[in-house]
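The values are calculated or read from the model by the stated rules, or taken from the named source; none is laboratory data. Only a predicted model underlies this, so the values are computations on that prediction, with no experimental measurement involved. Note that we place each Cβ from the backbone using ideal geometry, even for glycine, and neighbour counts take in every protein chain shown. Note: accessible area is taken over every heavy atom of the protein model, side chains too, but ligands, DNA and RNA are not part of it. Shrake-Rupley method; radii C 1.70, N 1.55, O 1.52, S 1.80 Å.
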Amino acid sequence: MKKEVENINFTRFVNQIVPFEFITITELYERCAVHNYDLSTPHRIEFNALLIITKGNGTHCVDFKKEQLSPGVVIPLTNGQIHSFDNKQTIEGHIITFEENFITDTISEKNLFHFLHLYHTPRLYIKEVEIATLAPFLMLLDKVHKENTTYMKAEILNTAFMTLLFQIKRLTFDQEKIVPNQRFKDFIKFKNQIATSYHKTHNVKDYAITLSISYKYLNDICKQISNQTAKAFLDNWMLLEIKRSLLENRYTSQEIAFRMGFKEPSNFIRFFKNYTGLTPNQFQENLNKSRLG
């Protein structure tokens, strides 16, 4: 029997007035053990998270890619991603979970740029000797999160979390490689436009027209930010969403084809096989075999 991937919303294990939680990774494993929930089972999150590793070594699978975990590794996780932890806890650190609008609805445009810039980086690394510099921010978040008073709690958590992100960004980003604000905003607009229009068109020029920018400019910013052409970025975004849908086991291959905007299932199969060497059904069968162990 095929097992569907569970969608985990913020309130699945959390009962917080403020849509923000700060816990240790040890506490996460203990909570899931109480609820008899297997963290190693792939699940799609419907919130954002930040994984900060301070001790130990392990792996973490995010959207079919296995990330190596060690002290100093920071992994931003975004709404819609499918991920899973190791079956046994081999790491220590913190995991911060929150609903994105808790942050984005109340910050300035400049800070929004920094937030999105960090959250569009799949993996960050802080030198082990510099991990201690995060301690004051983590301690403040822990203290405020545990307080019973609700007066200005959301505001303080929001500000403290953004300050933590600023420190992480300062320790992990090369200043010379930071993308200018406007170009990055246009890239985000393109990415968001794909998420709302992929079922209508697979032509990058259509997206450039909708965004009122030139195809060349769109191609240039994609190369700068994602190291891919605009067409490759679109195709890879679609490929990842197809893989997520196949892993979820909720739809047939033909249903996924139409949902993704392919008028003919044969074109969908050809597209998928061109990138993976497998048909969608073969890929799904391999996923189900690996999940059954």
Of those in region 77-132 that are among the hydrophobic types (A, V, I, L, M, F, W, C) and in a loop (DSSP other than H, G, I, E, B), the residue surrounded by the most Cβ atoms within 10 Å (Cβ to Cβ) is 126
Checking residue 109 against (1) of a type in the set (Asp, Glu); (2) free of Cβ contacts under 8 Å to residues at least 12 places away in the same chain; (3) touching a strand residue (DSSP E or B) at 6+ places or on another chain (Cβ under 6 Å), which single condition isn't satisfied?
(3)
Give the number of residues within region 222-243 that are among the aliphatic types (A, V, I, L, M), out of contact with any Cys (no Cβ under 8 Å at 6 or more places or on another chain) and touching a residue at least 40 places away in the same chain (Cβ under 8 Å).
4
Among the residues of region 65-76 satisfying the criterion of being open to solvent by less than 30 Å² (accessible area, probe 1.4 Å) and part of a strand (DSSP E or B), which is nearest to residue 116 (Cα to Cα)?
76
So the helices (runs of 4 or more DSSP H) completely within region 221-293 holding 3 or more residues that are open to solvent by 60 Å² or more (accessible area, probe 1.4 Å) are 253-259, 265-276, 280-292
Going through region 25-42 one residue at a time, which ones are assigned to a helix (DSSP H, G or I), under 13 Å from residue 13 (Cβ atoms) and in contact with a strand residue (DSSP E or B) (Cβ under 7 Å, 6 or more places away or on another chain)?
28
Counting only residues that are of a type in the set (A, V, I, L, M, F, W, C) and within 16 Å of the chain's Cα centre (by Cα), which one in region 103-129 is farthest from residue 190 (Cα to Cα)?
124
Extreme residue, most open to solvent (accessible area, probe 1.4 Å), among residues of region 196-219 that are in a helix (DSSP H, G or I) and touching a residue at least 24 places away in the same chain (Cβ under 8 Å)
217
For the subset of region 154-184 comprising residues that are of a type outside the set (Val, Ile, Thr), farther than 20 Å from residue 123 by Cα and buried (at least 17 other Cβ atoms within 10 Å of the Cβ), which member is nearest to the chain's Cα centre (by Cα)?
158
Pair list, Cβ < 7 Å and 6+ apart or interchain, from region 1-15 residues that are part of a strand (DSSP E or B) to residues that are at pLDDT below 70 and among the small types (Gly, Ala, Ser)
none
Which listed residue is touching a helix residue (DSSP H, G or I) at 6+ places or on another chain (Cβ under 7 Å) and either exposed (fewer than 15 other Cβ atoms within 10 Å of the Cβ) or among the hydrophobic types (A, V, I, L, M, F, W, C) (or both), from 14, 18, 34, 62
18
All positions within region 127-157 that are of a type in the set (Phe, Trp, Tyr) and under 17 Å from residue 94 (Cα atoms):
137
Yes/no for residue 137 being in contact (Cβ under 8 Å) with a residue 12 or more places away in the chain, surrounded by 16 or more Cβ atoms within 10 Å (Cβ to Cβ), out of contact with any strand residue (DSSP E or B) (no Cβ under 7 Å at 6 or more places or on another chain) and within 18 Å of residue 174 (Cα to Cα):
no
Quick check on my filter: what residues within region 43-55 are surrounded by 15 or more Cβ atoms within 10 Å (Cβ to Cβ) and either in a strand (DSSP E or B) or touching a His at 6+ places or on another chain (Cβ under 6 Å) (or both)?
43, 44, 45, 48, 49, 50, 51, 52, 53, 54
